[in-house]
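Visitor: Sharing a structure, written as structure tokens. Questions coming.
Values in this text are rule-based calculations from the coordinates and carry no lab data. Everything numeric here is computed off the predicted structure, so don't read it as measured data. Using ideal geometry, Cβ is built from the backbone for each residue, glycine included, and neighbour counts are taken over all protein chains shown.
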Amino acid sequence: MGKIFYLMGKSASGKDHIYEYLKQQEDLKLRPLVLYTTRPIRQGEQNGREYFFTDEENLQKLRQAGKIIEERMYQTVHGPWYYFTADDGQISLNDDSYLGIGTLESYEKLKAYYGEEHMCPLYVEVDDGIRLERALQREKKQEEPKYAEMCRRFLADCEDFSEEKIGKAGITHRFYNNGALEDCFSEIQNFVEQVKKL
């Protein structure tokens, strides 16, 4: 039976880099679980790679068809942005293991949908000061930096990833990404390899 390895962490914790690294490790044989979002595509992103970029009309159609596993709405300074996972046929746990990325809330809903035995959380933690510096550097590179939204996300993450919520989700293992990203890469890769052998 396959597993869904689910990367989580606050914004600018390095999840996207870790996700890309793990995806490229062919020996791990992890298929990407691509979520959907209605937020605008960022510079350097590609539809179907980081997310399926869609609109609220398509989200409504998927809701009506009963295809939404989980969804979240963030009231941003640019209006509501939705992130969601759809049962669109991309997951077959009889055949493969998957790599996903999301929030504690989405992890819990996927766990309820697919069963705890299929879910393996990969929680990445970073010191808040380092995280804020990384977020600012990332935003500066955007064609139209959205600093207010960056600040809103930073503060919201402190609440969304509180110690109480991490404990409630049953997450006991953390991967620290305060230093060299390569160290975090290899620690997570080793962990995934061990879990797959069980």
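Visitor: Could you list 5, 175, 191 in order of exposure, starting from the residue whose Cβ has the fewest other Cβ atoms within 10 Å?
Guide: Numbers: 5 24, 175 20, 191 15.
So the residues, fewest neighbours to most, are 191, 175, 5.
Visitor: Students often forget the sequence filter, so: which lysines lie under 20 Å Cα-Cα from residue 141 once same-chain residues fewer than 8 apart are removed?
Guide: Hits, sequence-local ones excluded: 10, 15.
Visitor: I've got another one for you. From the phi angles alone, apply the Karplus equation (6.51, -1.76, 1.60; θ = phi - 60°) to the stretch 81-90 and give each ³J(HN,Hα) in whole Hz, x where the residue is Gly or Pro.
Guide: So the Karplus estimates, Gly and Pro as x, are 10, 9, 10, 7, 10, 10, 7, 10, x, 7 Hz.
Visitor: Answer rounded, prolate or oblate for the stretch 6-102, using the Cα gyration tensor with square roots of eigenvalues a ≥ b ≥ c: rounded when a/c is under 1.5, else prolate when a/b is larger than b/c, else oblate.
Guide: Details: a/c = 2.09, a/b = 1.25, b/c = 1.67.
Oblate, because a/c is 1.5 or more while a/b does not exceed b/c.
Visitor: Could I ask something else about it? Just tell me which aspartates and glutamates come within less than 19 Å, Cα to Cα, of residue 165; anything on the same chain fewer than 8 places away is out.
Guide: Once the sequence-local aspartates and glutamates are set aside, what remains near residue 165 is 70, 71, 105, 108, 116, 125, 127, 128, 157.
Visitor: Sorted by packing (mean other beta-carbon atoms within 10 Å per residue), highest first, where do 165-174, 25-34 land?
Guide: Numbers: 165-174: 13.1, 25-34: 14.8.
Per-residue mean Cβ counts within 10 Å order the peptides as 25-34, 165-174.
Visitor: Continuing with this model, one more query. Provide the FRET efficiency to the nearest 0.05 for the residue 117-residue 191 pair, computing r from the beta carbons and using R0 = 25 Å. Please report the intermediate quantities before stating the final value.
Guide: On the way: r = 17 Å, r/R0 = 0.69.
My answer for the efficiency is 0.90.
Visitor: With a ≥ b ≥ c the root eigenvalues of the C-alpha gyration tensor of the stretch 121-198, is it rounded (a/c under 1.5), prolate (a/b larger than b/c) or oblate? It would help to have the intermediate numbers written out before the result.
Guide: On the way: a/c = 2.70, a/b = 1.55, b/c = 1.74.
Oblate shape, in that a/c is at least 1.5 and b/c is the bigger or equal ratio.
Visitor: Which ³J(HN,Hα) values, rounded to whole Hz and listed in residue order, are derived for the stretch 63-77 from phi using the Karplus coefficients 6.51, -1.76 and 1.60 in 6.51 cos²θ - 1.76 cosθ + 1.60 with θ = phi - 60°, glycine and proline given as x?
Guide: 4, 5, 7, x, 9, 8, 7, 7, 8, 10, 10, 10, 7, 9, 5
Visitor: Where a ≥ b ≥ c are the square roots of the eigenvalues of the C-alpha gyration tensor, would you call the stretch 4-193 rounded, which needs a/c under 1.5, or, failing that, prolate if a/b is larger than b/c, or oblate? Could you put the intermediate results ahead of the total?
Guide: Values: a/c = 1.40, a/b = 1.03, b/c = 1.36.
Since a/c stays below 1.5, the shape of the stretch 4-193 is classed as rounded.
Visitor: Let me ask something else. Using R₀ = 22 Å, calculate the FRET efficiency as 1/(1 + (r/R₀)^6) where r is the Cβ-Cβ separation of residue 155 and residue 16; round to 0.05.
Guide: On the way: r = 20 Å, r/R0 = 0.92.
Taking R0 as 22 Å, the efficiency between residue 155 and residue 16 is 0.60.
Visitor: Rounded to the nearest 500 deg cm²/dmol, what is the calculated helix-only ellipticity per residue at 222 nm for the chain, with -39500 (n - 2.57) per DSSP H run of length n ≥ 4? Could you put the intermediate results ahead of the total?
Guide: Values: 7 runs with 80 residues, N = 198.
Estimated from H runs of four or more residues: -12500 deg cm²/dmol.
Visitor: Which pairs, out of 23/168; 29/67; 146/196; 3/140, put more than 31 Å between their alpha-carbon atoms?
Guide: Numbers: 23/168 28 Å; 29/67 26 Å; 146/196 40 Å; 3/140 37 Å.
In this structure, 146/196; 3/140 lie more than 31 Å apart at Cα.
Visitor: Now for a different question. In terms of modelled amide H atoms, which long-range or inter-chain residues lie less than 5 Å from the amide H of residue 31?
Guide: The answer is 97, 98, 99.
Visitor: Got a sec to turn the phi values of the stretch 143-154 into Karplus ³J(HN,Hα) couplings, 6.51 cos²θ - 1.76 cosθ + 1.60 with θ = phi - 60°, whole Hz, x for Gly and Pro?
Guide: With coefficients 6.51, -1.76 and 1.60, one gets 4, 10, x, 10, 5, 5, 5, 4, 5, 4, 5, 4 Hz.
Visitor: Give me, ordered by chain and number, the residues 5 or more places off residue 125 or on other chains with an amide H under 5 Å from its own placed amide H.
Guide: Correct list: 175, 176, 177.
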